[in-house]
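Derivation of every value follows stated rules applied to the coordinates shown; laboratory data play no part. Everything quoted here is computed from the prediction, not taken from an experiment. Note that each Cβ is placed from the backbone with ideal geometry, even for glycine, and that neighbours are counted across all protein chains shown.
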Amino acid sequence: MNGIDQARALLDWHIVMGIDETIAEHPVDNFAPPKPVTTAASEALHDMAPATQMTQQAARPPASAAPVTVSPTTPPPSGEASVQSATELAAVAQTFDDLQAALTDFDGCALKKTATNMVFADGNPSGRVLFIGEAPGAEEDRQGKPFVGPSGRLLDKMLASIDLDRSQVLISNTVFWRPPGNRTPTTIEAAICLPFVQRMVELMMPEVIVPLGGPAAKSLLEQTTGIGKLRGRWFTYAAANLSSSIAATPLFHPAYLLRTPAQKRAAWRDLLMIRQHLNRADGA
């Protein structure tokens, strides 16, 4: 295998591992030979030692050299500790700005270290409907805004079909940072972010919650069946800090509808069901 084939194979492996974009300002050549490491002690030794004694003195450090102290790194917080920290931070947030600030300062989710931007929410915190997806994608990660790529454009069309837009709803995700390679968030990643999602619901008190896709529906509604069996049905979202329960109905995720256009008819029926619910609330 020549050098070009080796490089191509390495790039293919990176893609499989989820490394599908670079975020550093300058590329790193991992094939370049390592540069020699020069320390202040070795430079001083070189200057003081005669040429005939360089080999002998280089083998041992000068007696006056200070010992090298290595500080142990702080271990990452456990999943349980991160969930507890998230719960405490979310609970004290009294406004959406407070909640966003708390999430910005929160370091308990490992996804924050690999994402470009935090993706909090978009739309109207006083809106009637809360749409909750799974996790940000590549375009959302770049812009720091949920549903701005192809899925977002389809979602905007879906909203318009029932006389809604982003000024009347709020859009967010169950996880606020993009998982590498757009992989599915792990159970612990979703659990760590869940207290912030729950506090978002408490602050907004929407008339309807719409989980987009199976993972969001399972996380919010504590269901175990697939989205195909969950969509088209009404559920009740209830929590200890809510003054009343909230109606919830899952939808197919727009990304799934882009891959499976045949399901758009079912999604249209589900959207009409949401519109009818809002009309009944208006007395129409």
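Some points to look at:
- Dipole magnitude for region 79-281: computed about the Cα centre from +1 point charges on Lys and Arg Cβ and -1 point charges on Asp and Glu Cβ, it is near 1020 debye.
- Dividing the Cα radius of gyration of region 111-244 by its Kirkwood radius returns 0.94 for Rg/Rh.
- In loop segments of region 187-284 as defined by DSSP, the trypsin sites (Lys or Arg not before Pro) with at most 14 further C-beta atoms inside 10 Å of their C-beta are R233.
- For region 204-284, the set of chymotrypsin sites (Phe, Trp or Tyr not before Pro) satisfying both a DSSP loop assignment and a count of at most 12 other C-beta atoms within 10 Å is given as W234.
- Fewest-first sequence of S126, S167 by Cβ atoms within 10 Å of each Cβ: S167, S126
- Extension gain, S126-T187: 0.36 nm per intervening residue step, less the Cα-Cα distance, totals 19.0 nm.
- Percent RCO, i.e. relative contact order, over region 79-281, from Cα pairs under 8 Å lying at least 6 residues apart: 23 percent
- Viscosity 1.002 mPa s, temperature 20 °C, Stokes-Einstein D of region 173-284 from Kirkwood C-alpha radius, µm²/s: 142 µm²/s
- Phi angles across region 173-180 convert, under the Karplus curve 6.51 cos²θ - 1.76 cosθ + 1.60 with θ = phi - 60°, into 3J(HN,Hα) values of 9, 6, 10, 9, 10, 6, x, x Hz, Gly and Pro given as x.
- Cα-derived Rg over Rh, computed across region 222-284 with Rh taken as Kirkwood radius: 1.03
- For region 80-183, alpha-carbon Rg and Dmax in angstrom: 14.2, 43
- Sorting M118, M205 from the fewest to the most surrounding beta carbons within 10 angstrom yields M205, M118.
- Measuring between alpha carbons in the structure, the pairs from K229/K264; K157/K229; K157/K264 lying more than 19 angstrom apart are K157/K229.
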